[in-house]
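The values are calculated or read from the model by the stated rules, or taken from the named source; none is laboratory data. Note that the structure is predicted; figures quoted are calculated from it, not measured. Using ideal geometry, Cβ is built from the backbone for each residue, glycine included, and neighbour counts are taken over all protein chains shown.
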Amino acid sequence: VVSQQDVDDAKAAYLQAVALVEQNKALLKSAKINLDRTKIKAQISGFIGISNYTIGSLVLANQTNELTTIRDTSRVYADLSQSNNQLFKLKKIIKNNNKKQDIPVNIILPDNSRYAHSGILKLQEISVDEDTGYV
């Protein structure tokens, strides 16, 4: 035979255990939220510079020093040198094109392979190196 006091004690212990489980679930949820807040995701992709902080450093929401710098590489502008002959050919292409469409540009790498992405000619500003004949 079990006394009413034992039944009441068992119910109280059960309810206390249920409450403890719920409390631990809330603590776990809070810990997951805090963990998610430790990850910083940039809105752009690119090359990242040297970080101003090390792992474990305390950073604040409105601090004045940036964590690092990301260079957006979705668009790259290049200054290219070319020979007089290449410039002459390019001028012919531009004249024949008459700005009807973008003029594609490809880069040949030092190993004579073609860079995987082509670009377009946006601006031409000509200066000649008289020693080399390059434009």
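Tell me whether region 79-90 contains one or more residues that are assigned by TED's automatic domain parsing to the domain that holds residue 121, outside any helix (DSSP H, G or I), under 30 Å from residue 126 (Cβ atoms) and free of Cβ contacts under 8 Å to residues at least 24 places away in the same chain.
Taking region 79-90 as the starting set, the residues that turn out to be assigned by TED's automatic domain parsing to the domain that holds residue 121 are 79-90.
Those left that are additionally outside any helix (DSSP H, G or I): 79-83.
Adding the requirement that they be under 30 Å from residue 126 (Cβ atoms) leaves 79-83.
Next, only the ones that are free of Cβ contacts under 8 Å to residues at least 24 places away in the same chain stay: 79.
Checked region 79-90: at least one residue is assigned by TED's automatic domain parsing to the domain that holds residue 121, outside any helix (DSSP H, G or I), under 30 Å from residue 126 (Cβ atoms) and free of Cβ contacts under 8 Å to residues at least 24 places away in the same chain.
Name every residue in region 29-58 that is surrounded by 10 or more Cβ atoms within 10 Å (Cβ to Cβ) and either in contact with a Phe, Trp or Tyr (Cβ under 7 Å, 6 or more places away or on another chain) or assigned to a helix (DSSP H, G or I) (or both), in order of residue number.
If the condition is that a residue be surrounded by 10 or more Cβ atoms within 10 Å (Cβ to Cβ) and either in contact with a Phe, Trp or Tyr (Cβ under 7 Å, 6 or more places away or on another chain) or assigned to a helix (DSSP H, G or I) (or both), then 29, 30, 31, 32 are the ones that fit.
Based on this model, can you work out whether residue 131 counts as loosely packed, with under 10 Cβ neighbours inside 10 Å, at pLDDT 85 or above, of a type outside the set (Lys, Arg) and part of a loop (DSSP other than H, G, I, E, B)? Let's see the steps before the verdict.
Values: loosely packed, with under 10 Cβ neighbours inside 10 Å: yes; at pLDDT 85 or above: no; of a type outside the set (Lys, Arg): yes; part of a loop (DSSP other than H, G, I, E, B): yes.
Criteria not met by residue 131.
Of the residues that make up region 60-68, is at least one within 30 Å of residue 119 (Cα to Cα) and either assigned by TED's automatic domain parsing to the domain that holds residue 119 or touching a strand residue (DSSP E or B) at 6+ places or on another chain (Cβ under 9 Å) (or both)? Explain how you work it out, then say what you get.
First, pick out the residues of region 60-68 that are within 30 Å of residue 119 (Cα to Cα): 68.
If we keep only those that are either assigned by TED's automatic domain parsing to the domain that holds residue 119 or touching a strand residue (DSSP E or B) at 6+ places or on another chain (Cβ under 9 Å) (or both) too, we end up with 68.
Yes, some residue in region 60-68 is within 30 Å of residue 119 (Cα to Cα) and either assigned by TED's automatic domain parsing to the domain that holds residue 119 or touching a strand residue (DSSP E or B) at 6+ places or on another chain (Cβ under 9 Å) (or both).
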